[in-house]
Amino acid sequence: MNIRIIKENLVRRAMFGLCLFVFSLIFLMAFGLYQKSKPILAIVSLKDLLFSSSWHPTQGHFGLSSFIAGTFWVTAIAVIIAVPLSILTAIYISEYASGCVRRLAKPIIDLLAGISPIIFGVWGIIAVVPLVRDYLMPFFSRRFSFFPFVSDNYTGFSALTGGIVLAVMTFPIIISVVEEVLRTVPFEIREASLALGATKWQTIKYAVLKKARPGIIAAVILGVSRAFGETMAVLMVAGCSLGVFPKSVFDPAYPLPALIANTYGEMMSIPLYDSAVLLAAFILLIVTALFNMVGWGILLYIERKQASG
Amino acid sequence: MDKRRIEENVFKGLMVFSTFIVASSLVLILITIFIKGFPALNLDMIIKTPKGGYYLGKEGGVLNAILGSLILGTAATFLALLVSLPLVFYLNLYLKKNSRLALSVRFILDVLWGIPSIVYGAFGFTLMVFFGLRASLLAGIITVALLIIPIMARSIDEVLKMIPFELKEASYALGATKLETSIKVIFRQALPGILTAILIAFGRGIGDAASVLFTASFTDSLPYSLFKPVATLPLSIFFQLGTPFPEVQQRGYASALILTVIILFISILSRILSGKFTKHTIK
């Protein structure tokens, strides 16, 4: 056989192998982390781990609930801030903005996505922490001294701080996905609506957004998952003190990813500690993988529907 | 003025406001880092390694972290390229356009892209334990490579998708195999896009801290062995800000400025590159 054909076939096999490797990577990760978290699951039930808030590794208590609550707080705050701002920005860029603004927007969003998480953390410490400590916290706790605003944490390192920093970090993913989705909405739909005498905003509200709704939901899901797993920036600004179950936006929050990151030094010295921490990583993997599968699944479905006519 | 007009204007105002917030958040971040970091920046920061007591305010710099990050980032990018490039060529040239395998690999890449870096770090840690490695440059390189494979593969994929179909056909018609077509025709045509993808992935790899925390650890000495821990710039910033001493925190801000400048430089370079290197490409 010709040497060129032999080369061709060898390379084809190798490439197929790479394909399988990438395909199996996510299962490998799940398997590896699950194997490592087995020892603790054998001793403590999953229910106890998820719903107990007692975290004393030296005594063998590994309750994750306050960390799960912390994750919930920062993610929720980030999403509440980021979603409306990102969607409005994406609509503006794709529907209203002039060519010049549009050309400027892309590099800005790319750059925002490319900045290191640690830089967001530094920015959070320099700018957002004082903002929360000196302005937001006194204002809200005086005016609205009820459920989510009451706290005795006056440091500025709080769930809200983490949420604000996270919100800025989730802008790029939500904006770029929504913009992409809006671009797939056929131009004729807009023209038909405008021809009926609708204003531009009415066209967007009743025609474009209706068509784009599944895609926007996907964008939000992807944004949630991004906020859910972000580690270093949150670790730096959210307070992260042990033994506090966050009940207010101004309480310090200690989300799961930050917990994993913070234990790197001591993890191997206490029995079962590494197992508990890797269980947290396993939970994080499963949740973000599910969110991403749903989000990208919706987008894939839209794309295929578009292609088939 | 009628109600519709008012609604139109209100929402338009809201949109302009949101866009302004998003854009100004980037500007604010850059300005804050610059204002805080610049006064603390000096030559010692860049050309010296931390001396004893550096984290207590004694003299030294972060050369160990700068070099460590560059070496780790470069090696990881190279490793990721070795996986991504053949993979993407396989997806685009060897598989049919609507093949199920191609569809599912792209889907998995998208999902992998959304997995947080701390999970990669934890996975890298389990791999390390499995193979009996200690926290080292090698473990860091492998973990960061895994982290940036999805980013790199998906960006190269976007580039290859844009390549005109006729180019492939012309090459096949001359009797070239798919491998020859890939290397001699498609690769050249896609080169500017591939370089951009490499730079994007490099920027991501160099800026990530959560994945190297467990796997590459940290050290005050310069990187000299694949099997020894290595310092990285993001972690260096993290540790310097974690100290209670204002002068060390100042240096943390300066290190943050160094990292930001590196990342800015990479992203500007990638913009310039995507415009150049078009000697062999067909418009």
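Taking each residue in B:97-109, count the Cβ atoms of any other chain within 10 Å of its Cβ, then average. What number comes out?
3
Calculate the spin-label point distance for B:Lys48 paired with A:Met268, positioning each point 7 Å from the Cα along the beta-carbon direction, and give it in nanometres.
The two pseudo-label positions are separated by 3.2 nm.
Segment A:1-57 to segment B:4-75: how many Å between their Cα centroids?
So the two Cα centres are separated by 34 Å.
Taking every Cα atom in segment A:46-308, find the radius of gyration and the maximum pairwise distance Dmax, and write them in Å.
That works out to 21.0, 71 Å for Rg and Dmax.
Quick one: which of A:Lys106/B:Lys12; A:Lys106/B:Lys36; A:Lys305/B:Lys161; A:Lys211/B:Lys161; A:Lys47/B:Lys228 span more than 29 angstrom between C-alpha atoms?
From A:Lys106/B:Lys12; A:Lys106/B:Lys36; A:Lys305/B:Lys161; A:Lys211/B:Lys161; A:Lys47/B:Lys228, over 29 Å: A:Lys47/B:Lys228.
Given a Förster distance of 60 Å, report the FRET efficiency between A:Asn9 and A:Arg103 from their Cβ-Cβ distance, rounded to the nearest 0.05.
Step by step, r from the Cβ atoms, then E = 0.85.
For B:Leu87, what charge total do you get from the other residues with a beta carbon under 13 Å from its beta carbon, if Lys and Arg give +1 and Asp and Glu give -1?
Local net charge: +2.
How many angstrom lie between the C-alpha centres of segment A:292-309 and segment B:204-240?
So the separation of the two Cα centres works out to 39 Å.
What ranking do A:Met268, A:Met232 get, fewest neighbouring Cβ atoms within 10 angstrom at the top?
A:Met268, A:Met232
If the label point is 7 Å along Cα→Cβ of A:Glu188, which residues in segment A:267-308 have backbone nitrogen under 15 Å from it?
Taking a point 7 Å out along Cα→Cβ of A:Glu188, the residues of segment A:267-308 whose backbone N falls under 15 Å are A:306-308.
Farthest toward the dipole's positive end in the protein assembly as shown, which of B:Gly114, A:Leu33, A:Ser308, given Cβ charges of +1 (Lys, Arg) and -1 (Asp, Glu) about the Cα centre?
Farthest towards the positive end: A:Ser308.
Report the full-extension gain for the segment A:Ser52 to A:Ile286: residue separation times 0.36 nm, less the Cα-Cα distance, to one decimal in nm.
82.2 nm is the gain from fully extending A:Ser52 to A:Ile286.
Pop a pseudo-label 7 angstrom from the Cα along the beta-carbon direction at both B:Phe265 and B:Asn98 and give the gap in nm to one decimal.
4.9
Need the list of aspartates and glutamates near B:Lys184 for cross-linking: C-alpha distance under 16 angstrom, and skip anything on the same chain fewer than eight residues off.
Hits, sequence-local ones excluded: A:Glu8, B:Glu166, B:Glu169.
Shielding by partners for A:22-33, please: the mean number of other protein chain Cβ atoms within 10 Å of each residue's Cβ.
Partner-chain Cβ atoms within 10 Å, mean over residues of A:22-33: 6.
What's the ranking of B:61-69, A:75-83 by average number of surrounding C-beta atoms within 10 Å, highest first?
The densest-packed peptide leads the list: B:61-69, A:75-83.
Using the Karplus curve 6.51 cos²θ - 1.76 cosθ + 1.60 with θ = phi - 60°, work out ³J(HN,Hα) for each residue of segment B:59-74 in order, rounded to whole Hz, and write x for Gly and Pro.
Computed from phi, the couplings for segment B:59-74 are 6, x, x, 10, 4, 4, 6, 4, 4, x, 4, 5, 5, 4, x, 5 Hz.
List the residues, sorted by chain then number, that are 5 or more residues from A:Phe62 or on another chain and whose placed amide H is less than 5 Å from its amide H.
A:His56
Considering the options A:Gly223, A:Val237, A:Ser269, tell which one lies farthest towards the positive end of the dipole of segment A:188-290, charges being +1 on Lys and Arg and -1 on Asp and Glu at the Cβ, about the Cα centre.
Farthest along the dipole direction, towards plus: A:Gly223.
For B:256-266, what's the mean count of beta carbons from other chains sitting within 10 Å of each residue's beta carbon?
3
Cross-link partners among aspartates and glutamates for B:Lys51, C-alpha distance below 18 Å, same-chain residues fewer than 8 apart left out?
B:Glu59, B:Asp220, B:Glu247
Measure off 7 Å from each Cα along the Cα-to-Cβ vector at B:Phe227 and B:Phe130, then give the distance between these two points in nanometres to one decimal.
If labels sit at B:Phe227 and B:Phe130, their model points lie 2.1 nm apart.
Considering only the other residues whose Cβ falls under 15 Å of the Cβ of B:Val129, what net charge follows from Lys and Arg at +1 and Asp and Glu at -1?
That sum, taken over residues with Cβ under 15 Å, equals +2.
Counting just the Cα atoms, what span does the protein assembly as shown cover along each of its three principal axes? Round to the nearest Å and put the largest first.
Largest to smallest, the principal-axis extents are 75, 70, 55 Å.
Every number here is computed from the coordinates shown, using simple stated rules; none is lab data. Just so it is clear, the model here is predicted, and its values are computed rather than measured. Here the Cβ is made from the backbone with ideal geometry for all residues, glycine too, and neighbour counts use every protein chain on show.
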